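Asks: Sharing a structure below in structure tokens format, with a few things to ask.
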Amino acid sequence: MDNKVFQRFISIFLYTIPLKAAFPFGYYLFTQFSFLKLFAYITIPIALIENSLPFGGLLLFLIVFAGFVKNPKVPYFVRFNACQALLLDIALIIFYYLFRIFPITQFSPILFIVILSVFIFSSIQCLYGVEPEIPLISKSARMQIF
């Protein structure tokens, strides 16, 4: 398998981290539209890692951050996508706590749809070997890498 193809698939896999984190926001949509459950199957490896280890989510974050984002031996394309995926995950954590403080449940499905759209967009861009440009996130990711 070509090295570039492997980088593309690793980058797509990294975007499953924020997708899995967005599932609690889309609970209502999962009950209404059963085809959305297909996206849950994509995130099974992430769920296994997070649920099989104590502090699995934190360990996964640290492994991706130290192993991909801050490792200069990893190709730039993978580092950039790993950083974007982690920044999206951090944004979801912030929204999670904001929604716990201010219970505005009407915005939860919208947040899930946004993350699902970002996942689909980023996956397609990664398949083509193009860096996905996500407003605000991409600029922050570039600043973290350099």
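Asks: If I filter region 120-138 for residues that are closer than 16 Å to LEU29 by Cβ, among the hydrophobic types (A, V, I, L, M, F, W, C) and surrounded by 12 or more Cβ atoms within 10 Å (Cβ to Cβ), do I get at least one hit?
Replies: Of the residues in region 120-138, the ones closer than 16 Å to LEU29 by Cβ are 120.
Now restrict to residues that are among the hydrophobic types (A, V, I, L, M, F, W, C): 120.
With the extra rule that they be surrounded by 12 or more Cβ atoms within 10 Å (Cβ to Cβ), the set shrinks to 120.
Yes, there is a match, as at least one residue in region 120-138 is closer than 16 Å to LEU29 by Cβ, among the hydrophobic types (A, V, I, L, M, F, W, C) and surrounded by 12 or more Cβ atoms within 10 Å (Cβ to Cβ).
Asks: To continue, here is another question. Within region 97-128, which residues are of a type in the set (Gly, Ala, Ser) and within 15 Å of TYR15 (Cβ to Cβ)? Walk me through it before giving the result.
Replies: Kept after step one, since they are of a type in the set (Gly, Ala, Ser), are these residues of region 97-128: 108, 117, 122-123.
SER117, SER122, SER123, listed by residue number.
Asks: Of the residues LEU36, LEU87, which single one is within 15 Å of PHE119 (Cβ to Cβ), among the hydrophobic types (A, V, I, L, M, F, W, C) and modelled with pLDDT of 95 or more?
Replies: Being within 15 Å of PHE119 (Cβ to Cβ), among the hydrophobic types (A, V, I, L, M, F, W, C) and modelled with pLDDT of 95 or more holds for just one of LEU36, LEU87, which is LEU87.
Asks: If you take the residues in region 128-146 that are hydroxyl-bearing (Ser, Thr, Tyr) and in a helix (DSSP H, G or I), which one is farthest from the chain's Cα centre (by Cα)? Quick ask: steps written out before the conclusion?
Replies: Step one: of region 128-146, the residues hydroxyl-bearing (Ser, Thr, Tyr) are 128, 138, 140.
Remaining after also requiring in a helix (DSSP H, G or I): 138, 140.
On the way: SER138: 13, SER140: 15 Å.
Per the stated criteria, the residue is SER140.
Asks: Tell me which helices (runs of 4 or more DSSP H) are completely within region 1-88 and hold 2 or more residues being in contact (Cβ under 8 Å) with a residue 60 or more places away in the chain and buried (at least 16 other Cβ atoms within 10 Å of the Cβ), or say none if there are none.
Replies: Numbers: elements: 3-14, 16-22, 27-32, 37-42, 44-52, 56-64.
Once the helices (runs of 4 or more DSSP H) in region 1-88 are filtered for at least 2 residues that are in contact (Cβ under 8 Å) with a residue 60 or more places away in the chain and buried (at least 16 other Cβ atoms within 10 Å of the Cβ), what remains is 3-14, 16-22.
Asks: Looking only at region 54-61, decide whether some residue is more than 26 Å from ALA141 (Cβ to Cβ) and of a type outside the set (S, T, N, Q). Full working, then the answer.
Replies: At the first step, the residues of region 54-61 found to be more than 26 Å from ALA141 (Cβ to Cβ) are 54.
So of that shortlist, the ones also of a type outside the set (S, T, N, Q) come out as 54.
Yes: one or more hits.
Asks: Output the number of residues of region 62-96 satisfying the condition of being under 13 Å from the mean Cα position of the chain (by Cα) and of a type in the set (Gly, Ala, Ser).
Replies: Number of matching residues: 3.
The values are calculated or read from the model by the stated rules, or taken from the named source; none is laboratory data. Source: prediction; values computed, not measured. When we count neighbours, we look across all protein chains shown, and the Cβ atoms used for this are built from the backbone with ideal geometry, even at glycine.
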